[in-house]
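The values are calculated or read from the model by the stated rules, or taken from the named source; none is laboratory data. Fair warning: this is a prediction, and the values are worked out from it, not measured in the lab. Cβ placement follows ideal geometry from the backbone for every residue including glycine, while neighbour counts extend to all protein chains displayed.
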Amino acid sequence: MRIVGGAWRGRALAGPGAAGGLRPTQDRVRESLFNVLAGGRFGDAVTGARVLDLFAGTGALALEALSRGAAEAVLVDDGRAAARLIAENIRACHAADRTRHLRRDARRPGPCPEAPFDLVFLDPPYGKSLGEAALAAAQAGGWIAPGALVVWEESAPVTPPAGLALRDTRRYGDTTLAFLEASA
């Protein structure tokens, strides 16, 4: 695993190996995702963005966003293996000043203690309906800014919850990326 673009391009990231069933976003999918976010339909959704990474796993999505110009990132994951990998990858990227890891269940993040986020990554374990619960809790807790872009990674097409509109869907092998926009 590596950072595929931006200031930290090529930097190696610690991967899960056999740790805790984590399934990080493949490099080629991450590269395609950030190509979509960098232009076209969504303008430049990354530069200057405040990023929320739910079910952060290794932290690769948030760190990729920081490498490409995001202002800061909050990574939410309560797994022990994830905590170790997130810490290791933040150190590898020298990104401690722009990141924070919250060891919380992404389905129960509580109220947002600061301003809501412009760009949200949601990468729950596939096929377990955890994404729906996490998005509902993030919306209820004020984590998602009006007009924010939410990128939801799943194994199948998703149905956006109330308050989020589907703007695009992309398929890469067994991965579906749904691009959702929060109501203004």
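Just checking, does region 138-151 include any residue being touching a helix residue (DSSP H, G or I) at 6+ places or on another chain (Cβ under 9 Å) and modelled with pLDDT under 95? Walk me through how you get there before you give the answer.
Kept after step one, since they are touching a helix residue (DSSP H, G or I) at 6+ places or on another chain (Cβ under 9 Å), are these residues of region 138-151: 143-144, 149-151.
Going one step further and asking which of them are modelled with pLDDT under 95, we end up with none.
Taking every residue of region 138-151 in turn, none turns out to be touching a helix residue (DSSP H, G or I) at 6+ places or on another chain (Cβ under 9 Å) and modelled with pLDDT under 95.
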Being of a type in the set (A, V, I, L, M, F, W, C), without any contact (Cβ under 8 Å) to a residue 24 or more places away in the chain and either over 27 Å from ARG171 (Cβ atoms) or in a loop (DSSP other than H, G, I, E, B) (or both) is true for just one of ALA83, ALA7, ALA56. Which residue is that?
ALA83
Please go through region 55-77 and give me each residue that is over 13 Å from the mean Cα position of the chain (by Cα) and buried (at least 16 other Cβ atoms within 10 Å of the Cβ), ordered by number.
SER67, ARG68
Cross-chain or 6+ apart pairs with Cβ under 6 Å, region 156-184 first and in contact (Cβ under 8 Å) with a residue 12 or more places away in the chain, then part of a loop (DSSP other than H, G, I, E, B) and among the β-branched types (Val, Ile, Thr)
ALA178/VAL158
Just give me the residues in region 84-140 being of a type in the set (D, E, K, R) and out of contact with any Asp or Glu (no Cβ under 6 Å at 6 or more places or on another chain), in sequence order.
ARG84, GLU88, ARG91, ASP97, ARG100, ARG107, ARG108, GLU114, ASP118, LYS128, GLU132
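Which ones in region 136-167 are part of a strand (DSSP E or B) and on the phi > 0 side of the Ramachandran plot? Don't jump to the end; show me each part of the working.
Let us first name the residues in region 136-167 that are part of a strand (DSSP E or B), namely 144-154, 164-167.
Hit for region 136-167 is GLY147, nothing else.
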Is it the case, given these coordinates, that LEU85 is at pLDDT 95 or above, surrounded by 15 or more Cβ atoms within 10 Å (Cβ to Cβ) and aliphatic (A, V, I, L, M)?
no
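Among the residues of region 90-109, write down those that are among the hydrophobic types (A, V, I, L, M, F, W, C) and either under 16 Å from the mean Cα position of the chain (by Cα) or buried (at least 18 other Cβ atoms within 10 Å of the Cβ) (or both).
Applying the first criterion (among the hydrophobic types (A, V, I, L, M, F, W, C)) to region 90-109 yields 90, 92-93, 95-96, 102, 106.
ILE90, CYS93, ALA95, LEU102, ALA106 - these are the residues of region 90-109 that are among the hydrophobic types (A, V, I, L, M, F, W, C) and either under 16 Å from the mean Cα position of the chain (by Cα) or buried (at least 18 other Cβ atoms within 10 Å of the Cβ) (or both).
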Which of the residues that make up region 117-138 are free of Cβ contacts under 8 Å to residues at least 40 places away in the same chain and more than 17 Å from ASP77 (Cβ to Cβ)?
GLY127, SER129, GLU132, ALA136
So VAL76 fits all but one of (1) modelled with pLDDT of 95 or more; (2) aliphatic (A, V, I, L, M); (3) more than 28 Å from ALA14 (Cβ to Cβ); what number is the exception?
(3)
Say whether the condition of being touching a Phe, Trp or Tyr at 6+ places or on another chain (Cβ under 9 Å), more than 17 Å from ARG11 (Cα to Cα), touching a residue at least 40 places away in the same chain (Cβ under 8 Å) and not in a loop (DSSP other than H, G, I, E, B) is met by at least one residue in region 89-107.
no
